[in-house]
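Undergrad: Before anything else, here's the structure in question.
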Amino acid sequence: MKIGEMARVTSTRVETVRYYEQIGLLPPPARTAGNYRAYDEDHLARLSFIRRARDLGFSLDAVRELLDLANDRIADCAAVDALASQHLADIDRKMVDLARLRERLASLIDSCAGGVITDCRILEALEPGAPSGSTASRGERDA
């Protein structure tokens, strides 16, 4: 199968397939007489694996590690569990950070009383020198 077909089947951009080859996640395919890449079912299965792992948010390094682990079919899956657990912990930390970010932004939006741009609390909070995460009004900060 040609690169375009494999990309289409896996919902992956052609450039991404080439990149995965370049960094060694996908082995180089055979070439046709016309010098086109000729992918086989193993390439398709590997790219599908990579795509699913990336859809779950695994980094390229983690995908590489998962691929290496997947090649050793009789090994204990504790390493896979550890990798997935670490990724889950990272997701949980990001969710906490995002929740804090959401609270700060919601507070900024709530502090907006409308009016003119010079009185905009959201823009004021973005100005250089504004306290990080601050939603205090101009008068409260000047006091």
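The values are calculated or read from the model by the stated rules, or taken from the named source; none is laboratory data. Please read all numbers here as calculations on a predicted model, not as lab measurements. We place every Cβ from the backbone using ideal geometry, glycine too, and count neighbours over all the protein chains shown.
Undergrad: Kindly provide the set of residues from segment 57-94 that are in a loop (DSSP other than H, G, I, E, B) and surrounded by fewer than 14 Cβ atoms within 10 Å (Cβ to Cβ), ordered by number.
TA: Gly57, Ser59, Asn71, Asp72, Arg73, Ile74, Ala75, Asp76, Cys77
Undergrad: Restricting segment 8-36 to residues that are within 19 Å of the chain's Cα centre (by Cα) and polar (S, T, N, Q), which is nearest to Glu65 (Cα to Cα)?
TA: Thr16
Undergrad: If I filter segment 20-64 down to residues being charged (D, E, K, R) and in contact (Cβ under 8 Å) with a residue 24 or more places away in the chain, which single residue comes out as farthest from Ala89 (Cα to Cα)?
TA: The extreme case among them is Arg37.
Undergrad: Sticking with this structure for a sec: If Pro28 meets every condition in (1) under 30 Å from Leu126 (Cα atoms); (2) in contact with an Asp or Glu (Cβ under 7 Å, 6 or more places away or on another chain) apart from one, which number is that one?
TA: Only one criterion is unmet by Pro28, namely (1).
Undergrad: May I pose another question? Only one residue in Gly24, Gly34 is exposed (fewer than 12 other Cβ atoms within 10 Å of the Cβ), part of a loop (DSSP other than H, G, I, E, B) and modelled with pLDDT of 95 or more. Which one?
TA: Exactly one of Gly24, Gly34 is exposed (fewer than 12 other Cβ atoms within 10 Å of the Cβ), part of a loop (DSSP other than H, G, I, E, B) and modelled with pLDDT of 95 or more, namely Gly24.
Undergrad: Pairs, please: C-beta under 6 Å, at least 6 apart or cross-chain, first residue free of Cβ contacts under 8 Å to residues at least 40 places away in the same chain and of a type in the set (A, V, I, L, M) and in segment 107-128, second surrounded by 10 or more Cβ atoms within 10 Å (Cβ to Cβ) and not in a helix (DSSP H, G or I)?
TA: Close Cβ pairs satisfying both conditions: Leu108/Thr135; Ile122/Cys112; Ala125/Ser134.
Undergrad: Now, a different point. Condition first: surrounded by 14 or more Cβ atoms within 10 Å (Cβ to Cβ) and either within 22 Å of the chain's Cα centre (by Cα) or closer than 19 Å to Glu65 by Cα (or both). Now tell me which residues in segment 37-46 satisfy that.
TA: His43, Leu44, Arg46
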